[in-house]
Amino acid sequence: MSEYILEMRGITKTFPGVKALDNVNFSVRKGEIHCLVGENGAGKSTLMKVLSGIHEYGTYEGDIVLDGEVMKFHTIRASEKAGIAIINQELALIPELSVAENIFFGREILKNGFMDWNETNARAAKYLDMVRLNVNPQLPIRELRVGSQQLVEIAKALSKDARLLILDEPTSSLNEEDSANLLNLLRELKKKGVTIVMISHRLKEVVEIADSVTVLRDGATVCSMDQANVTEQKLISNMVGRELGTIYPTRSASHKIGDVRLEVKNWSVTDTKLERQILKDINLNVRKGEIVGLAGLMGAGRTEFALSLFGNTPGYKLNSGTIELDGEKVRFRSPRDAIKKGVAYATEDRKKNGLVLIQDVKFNITFADLNRIIDFGIINGSKEIVEADQMKTDINIKTPSILQLARNLSGGNQQKTVLAKWIFARPNVLILDEPTRGIDVGAKHEIYTLMNKMVEEGMSIIMISSELLEIIGMSDRIYVMHEGMITGELSAEEATEEAIMRLATNTEEN
Amino acid sequence: MQEKNRNAVLTGISKVAKNYAMYIALGVIFIVFQILSGGLFLTAYNFTNLVNQTGYIAVLAVGMTLVLIICQIDLSVGFLTGFLGACTARLLLLGVPIPLTILIVVLFGASLGLLQGFIIGKIGVPAFVTTLAGEFAFRGLLTLITQDIGTINVTNKTFKGISQGFLPALFTIKIGGTEFHGLSLIIGILAVAAVVFLNLRKRKEMKKYNLETGSVPVMIIRILFFSGLIMALVILLASFQGISWTVVIVAVITAAYHFVLNKTKIGRHIYGMGGNVEAAKLSGVNIRKVLIGVFVSMGAMAALSGVMITSRMGCAQPTTGTGYELDAIASCYIGGVSTSGGVGRVINSVVGSFVIMSLINGLNLIGVGISYQYLIKGIIFVVAVAIDVRGRGRKALG
Ligand SMILES: Nc1ncnc2c1ncn2[C@@H]1O[C@H](COP(=O)(O)OP(=O)(O)OP(=O)(O)O)[C@@H](O)[C@H]1O
Ligand SMILES: [Mg+2]
């Protein structure tokens, strides 16, 4: 028997108009943690979908060799039977069902033809224990934080007796603490003999955890390296095919920050569903040409703040608070109203409320500001193409053409499309919620450059981000939130990781 | 290797099926009825009749397409059409001039649509419930308005002309033993020219911006196919009495809706809202206004349909409109409107309504009883949608 549990040989996968994988070779040793990295659209998710039978046998060329045997998976079921479990980039849990039901979904435990709830819950508890998640198995999924949901996904995979566990960007929506937990868990699983393939854009954690790394670029394998050889710099240069300077670009020296553009005072909000006050007395402002960071842990209320501000979201009740725009008191009655007054919000959840997935890229880019492509009430097709194509180039959305449907883009490129939509709409104040989630290093740099360009042209940006380095690297000023309150404001000079974390967890200096 | 070839052939077939499923269904229906009826189906007379018969459902299907795109449904249009048709007859009976009658009825239909849209959009009662309630209510109103006289007859010739009249010939051309309606032929040629022009222009634009264009043979086949279809239709009509006003009305309505959906902001908002209502809201779409607008348009289309059916039958009856809503919805689905919203084209829905009416017309022609008609309609409907759905990779459960 060879040392490899898995060998994918000469895999080629084409979609109409796109060669997503071009003769890719990918080998994983037994019992290792193997990381797969590459730019957005490099083909990482596609490769794993081929492996797990989501893209079924016959739709690709090449061989999948598992333990020396050529496999032909026609369904996910088939790959699961062979011991492969995949956790996709977008979680696949059913929010309304309980944790236990989700774990055994499709493989329900029956007694005399009926659900055996005791056994279901007991077994679920066992697997939850394995992933060190301490929740009641009967709790509905929607009540768990993303980090915990991720762990449930892993418990589910373990319950299928997976020998090979595939995780597609498992940490992209987790905060630092949850990420660290997850990585520890992966190490433990490795000790138990599970082989792990992990896709990630967080190169720091890749360096930390990988036994070996494979780099993909434009659908081809660039190289595979062992732990001893891996450094962040090396990964980056292999991923993007060139050396990358500093990741946070500097703004032009002549750039001046202007007067206060948006001022929010005493903002308090109750969530009518949970019947709980979720935001308490928030005061913040952003100036013309300024990037203000909004830091905090997952669940600190940053997204809720943005949504409640952005106009009358159902489910939120405003208890008190005023908004001033350029010194004038305003109210946003709806998102439409806010957009009209020059305030826009780019969501963190691109699939749920960011994109119209069944429409093409140009439709999505122009959707929030159709007036720019309308002449005398009629959409000017040529203008639309030119403008959308310009955005695609500016922000480097990797897809053969702007006619590609949004749902066919890679995760990171979908994210870029959401950004493109709002940059196209040219608001005065842009709230970005986790703008670089799932975006590769090279593209991050491009997005940061673009953000700088926008503020230099006078836009004001509020950036919500859980990535401390990004907040520190990009912000002129930082507010930190904790449990629905602002616990502190830091200038760019004062901002350090420790200072932010202290405020974010609201612990006193000692 | 063999497997690969098989795959290539399969994708080839599914591609054709995807774009032309409806036309294939239509072709099959035509051939079957032509044989079963002993050649009666495709006579100029029957064909003209079929086209005119399709008019009032086609108009409903146009309105319904928008409703379905935004993931709503309107079950009330059947009796709404019947009721508004009866209103038309009543007004004419009172001596109200025709243009004014039509105007009043269309405004009335639009306001009933507004009412339903308001209940759905502002109050939040689901469309299925609201319009089901509407169906009951309009049925009641139709019965009420026809109660005293039963069938309301309309004798006005001009009014009947809306659905029974034809364009003036201007001149005729005699080929063989048949006289052809001149103006109709000219219109046909212009339509073909438009098809060619639009296809070429689109291709040129795509080329100009370096966007993918289909292969030239595919485009030529498409142009030939649609030109052929238009010419066959026009020649058949021209050999009888020419293009009817019904065709003109349907064509104008379809063109207008097509334009609005594809070339205006409101059209974008409709598609966007249908594709992802949350994203649309956060992108600044006033989703309530769009929804209400779509139901207003549906009401107006029901009114137009009512006018057309009253004119066609020369009367309004207490049962007129029964089942029209289902025919309209079926037309849309046959025409490829997605059951999960966000996708659909009015032109295809109109062709879909033609498929349905061909079926009804053909079955009547060969003397199939009404019970069998429903049975067959059901089967054909599900088969047609099955082909369409599979061709587009839009299976119900993914
Ligand atoms: N169903 C599809 N149809 C057409 N093209 C597709 C489809 N799925 C993926 N692609 C294309 O294949 C390429 C690879 O996509 P993939 O999702 O594998 O990228 P990725 O490496 O996972 O990127 P990311 O880091 O952004 O998640 C992209 O160019 C994408 O647009
Ligand atoms: Mg991916």
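The values are calculated or read from the model by the stated rules, or taken from the named source; none is laboratory data. Model, not experiment: these values are computed from the prediction. Backbone-built Cβ (ideal geometry, glycine too); neighbour counts: all protein chains shown. Surface areas here come from the heavy atoms of the whole protein model, side chains and all, with no ligands, DNA or RNA. Shrake-Rupley method; radii C 1.70, N 1.55, O 1.52, S 1.80 Å.
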What accessible area, in Å² to the nearest ten, does a 1.4 Å probe give for B:Met219? 20 Å²
Local net charge near A:Leu189, Cβ-Cβ under 14 Å (Lys/Arg +1, Asp/Glu -1): +3
Each residue of A:417-425 has, on average, a number of other protein chain C-beta atoms within 10 Å of its C-beta equal to 1
Averaged across the residues of B:267-280, what count of C-beta atoms belonging to other chains lies within 10 Å of each residue's C-beta? 6
Just the accessible area per residue of region A:4-240, please: how many Å² with a 1.4 Å probe? 42 Å²
For region A:1-46, the charge dipole (Cβ of Lys, Arg +1; Cβ of Asp, Glu -1; about the Cα centre) points to a positive end, and the Cα of A:Ser45, A:Tyr4, A:Cys35 closest to that extreme belongs to A:Ser45
How big is the B/A interface in buried accessible area, both sides summed, 1.4 Å probe, to the nearest 100 Å²? 2700 Å²
Per principal axis, largest first, the Cα atoms of region A:229-300 extend in Å by 52, 38, 13
Roughly speaking, what is the centre-to-centre gap between region A:208-240 and region A:319-336 when only Cα atoms are used, to the nearest Å? 48 Å
Which residues qualify? For A:Ser27, with a placed amide H closer than 5 Å and at least 5 residues away or on another chain, they are A:Met8
Shape metrics for chain B, restricted to C-alpha atoms - Rg then Dmax, Å: 21.8, 76
Can you tell me the accessible area per residue over chain B, all protein chains present, probe 1.4 angstrom, in square angstrom? 47 Å²
Taking the Cα centre of the protein assembly as shown as origin, work out the dipole magnitude from +1 charges on Lys and Arg Cβ and -1 charges on Asp and Glu Cβ, in debye rounded to 20. 3140 debye
Expressed in Å to one decimal, the Kirkwood Rh of region A:4-240 from all distinct alpha-carbon pairs is 18.3 Å
If the cut-off is 17 Å between C-alpha atoms, which aspartates and glutamates fall inside it for B:Lys377, apart from same-chain ones fewer than 8 positions away? B:Glu325, B:Asp327, B:Asp388
Just the Cα atoms of region B:45-101: what Rg and Dmax do they give in Å? 14.7, 41
Output ³J(HN,Hα) for region B:344-352: one whole-Hz value per residue in order, computed from phi by the Karplus curve 6.51 cos²θ - 1.76 cosθ + 1.60 with θ = phi - 60°, and x for Gly and Pro. x, 10, 5, 4, 5, 5, 5, 4, x
So which GluC sites (Glu not before Pro) in region A:430-478 are both in a DSSP loop and have at most 12 other Cβ atoms within 10 Å of their Cβ? A:Glu457
Considering only protein heavy atoms, with the full assembly of protein chains and a 1.4 angstrom probe, order B:Tyr45, A:Tyr448 by accessible area, largest first. B:Tyr45, A:Tyr448
Which links in A:Lys280/A:Lys362; A:Lys444/B:Lys289; A:Lys329/B:Lys289; A:Lys81/A:Lys126; A:Lys44/A:Lys190; B:Lys122/B:Lys263 stretch past 30 Å when you go from one Cα to the other? A:Lys280/A:Lys362; A:Lys444/B:Lys289
Compute the distance from the alpha-carbon center of region A:164-207 to that of region A:17-63, in whole Å. 18 Å
Among B:Tyr23, B:Tyr374, B:Tyr209: highest mean-square fluctuation, GNM of chain B, C-alpha pairs under 10 Å: B:Tyr209
For region A:357-418, report the convex hull volume of the alpha-carbon atoms normalised per residue, in Å³, without decimals. 74 Å³
In whole Å, what three semi-axes, largest first, describe the equivalent ellipsoid of region A:146-228 built from its Cα gyration tensor (square root of 5 times each eigenvalue)? 21, 15, 13
Note down, for the protein assembly as shown, the three equivalent ellipsoid semi-axes (square root of 5 times each alpha carbon gyration tensor eigenvalue), biggest first, whole angstrom. 55, 34, 28
About the Cα centre of chain B, how large is the charge dipole given +1 on each Lys and Arg Cβ and -1 on each Asp and Glu Cβ? Please answer in debye to the nearest 20. 1300 debye
Treat region A:281-439 as a sphere of radius equal to its Kirkwood radius over Cα pairs and apply Stokes-Einstein at 37 °C in a medium of 0.692 mPa s; give the translational diffusion coefficient in µm²/s, rounded to a whole number. 195 µm²/s
Among the listed pairs A:Lys256/A:Lys453; A:Lys256/A:Lys341; A:Lys421/B:Lys204; A:Lys204/A:Lys398; A:Lys392/B:Lys281; A:Lys13/A:Lys49, give every one whose C-alpha distance is greater than 21 Å. A:Lys256/A:Lys341; A:Lys421/B:Lys204; A:Lys204/A:Lys398; A:Lys392/B:Lys281
Would you kindly compute the Cα radius of gyration of chain A and its largest Cα-Cα separation (Dmax), both in Å? 23.6, 77
Before rounding to the nearest 500, sum -39500 (n - 2.57) across all DSSP H runs of length at least 4 in the protein assembly as shown and divide by the residue total; then give [θ] at 222 nm in deg cm²/dmol. -16000 deg cm²/dmol
Say we join alpha carbon atoms closer than 10 Å with springs in a Gaussian network model of chain B; which of B:Ala127, B:Ala194, B:Ala137 then has the biggest fluctuation? B:Ala194
Calculated P(r) of region A:451-510 - Cα pairs past 12 Å, %: 67 percent
